Amino acid sequence: MEMETTSQFKALDERYVMPAFSRDMAIVKGEGSIVWDAEGKQYIDCVAGIAVCSTGHCHPAVVKAICDQAHQLIHCSNLYYVPHQGDLAKKLVEITGLHKAFFSNSGAEATDGALKLARVRTGRKKFVAFTHGFHGRTVGSLAVTHKPAIREPFEPLGMVKTFVEYGDLDALKKVVDNDTAGVIFEPIQGEAGVIIPPDSFIKGIREICDDTGALMIADEVQTGMGRTGTWLAMQHTKVMPDIVTLAKGIASGFPMGALVAREDLEFKKSEHGSTFAGGPLACAAALATIGVIEKILPDVARKGERFGRGLAALNPRVRGLMIGMTIGDKCLDVQKKCASQGVLVNCAADGNLRLVPPLVITEAEIDYVVGVINGALG
């Protein structure tokens, strides 16, 4: 079968797909940290589906797990016990240190579930979130996502919420009260450009939640599953949240999400549900992904440090393989220059260049990426 060209992809997209995305490249194949476009050009992928392809593209263990399960059962719904679901929940409980899991199909759905769980168990209605935070685009998750350009056209969103400046504990203390169901935050803000707060900020959120009875909801959709060198970014701080949301890297690209909560925080019968969530294929992919990450997790911090040394002139913000650099108005130009040299990078908010490569990226690939980025800014 003849492969489609980029122009053919574009023509079909323009005619039949709602124009919600900006794109000019067709990625048709991937292996490890490498992808190929429709014309056969090769790239080192430091976008990784936006921190999704944690084990690289088409890792053999993940491919085998999906194919093996597809030969047995693709779907049965949550009316029945689902193959691999209990095993996966056990693994997530073990790696997070929390108590029970609930599955979803995405990070936005995991956020929605966390908000529902916080409201139903506390009996409270209000939430506090942070400026520049991103938690998803469904009605519930968008309500606590700060960026006005994507939130305000859809207001009112039916959620009582307050935004405070990320990092400002004094402002947070003023708005969290006895009617606050939860404080939702990213331990490192990803869409904002990899903004890493001091540990004291995370500890302060915990203390304010403890003082008021509000739940501490850590959005680890982008930072979780080994991205920062530990299973959760929260584990760098030693602070235990009440609820954690996960997605992106959890299943190497298979649509999957989860929320994991502490003891005494769980949905009761019929309080929440989903047709597809936690299906056999997704759970098989996630279990295989965790198996791969367990082996490579000890190398993530070292690889991040290699990026940090190579990009030192740009004052990078580095936590494992989550790297951000503020380069201003030239960010999109640098992104294009890097692509022309065979490296895919991503411009996040406010002129921040973001690198979230597969956790399997090699030292040689890191060194090439560093050279291309430095050259693009030279």
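The values are calculated or read from the model by the stated rules, or taken from the named source; none is laboratory data. Everything numeric here is computed off the predicted structure, so don't read it as measured data. Every residue, glycine among them, receives a Cβ derived from its backbone with ideal geometry; neighbour counts consider all protein chains shown.
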For helices (runs of 4 or more DSSP H) lying entirely in the stretch 99-156, having 3 or more residues that are touching a strand residue (DSSP E or B) at 6+ places or on another chain (Cβ under 9 Å) and either of a type in the set (D, E, K, R) or surrounded by fewer than 18 Cβ atoms within 10 Å (Cβ to Cβ) (or both) picks out 107-122
Residue count, the stretch 67-96, condition of a type outside the set (Lys, Arg), assigned to a helix (DSSP H, G or I) and surrounded by fewer than 20 Cβ atoms within 10 Å (Cβ to Cβ), comes to 8
Result of the Cβ filter at 9 Å on the stretch 144-164, keeping first residues that are without any contact (Cβ under 8 Å) to a residue 24 or more places away in the chain and partners that are part of a helix (DSSP H, G or I) and of a type in the set (Ser, Thr, Tyr), at least 6 apart or interchain, is 145/111
Within the stretch 315-336, the residues that are surrounded by fewer than 18 Cβ atoms within 10 Å (Cβ to Cβ) and in a helix (DSSP H, G or I) are 328, 329, 330, 332, 333, 336
Given the conditions (1) loosely packed, with under 14 Cβ neighbours inside 10 Å; (2) hydroxyl-bearing (Ser, Thr, Tyr); (3) assigned to a strand (DSSP E or B), every one holds for residue 43 apart from (1)
* Asked: Hey, any hits in the stretch 112-130 for a residue that's in contact with a His (Cβ under 8 Å, 6 or more places away or on another chain) and of a type in the set (Ser, Thr, Tyr)?
  -> no
Considering residues that are out of contact with any strand residue (DSSP E or B) (no Cβ under 7 Å at 6 or more places or on another chain) and in a helix (DSSP H, G or I), the number found within the stretch 175-200 is 2
Within the stretch 320-378, the count of residues that are more than 20 Å from residue 192 (Cβ to Cβ) and either charged (D, E, K, R) or modelled with pLDDT under 95 (or both) comes to 8
Of the listed residues (299, 350), the one being in a helix (DSSP H, G or I), surrounded by fewer than 20 Cβ atoms within 10 Å (Cβ to Cβ) and at positive phi is 350
Among strands (runs of 3 or more DSSP E) completely within the stretch 201-278, the ones holding 2 or more residues that are touching a residue at least 60 places away in the same chain (Cβ under 8 Å), within 21 Å of residue 180 (Cβ to Cβ) and of a type in the set (Val, Ile, Thr) are 243-246
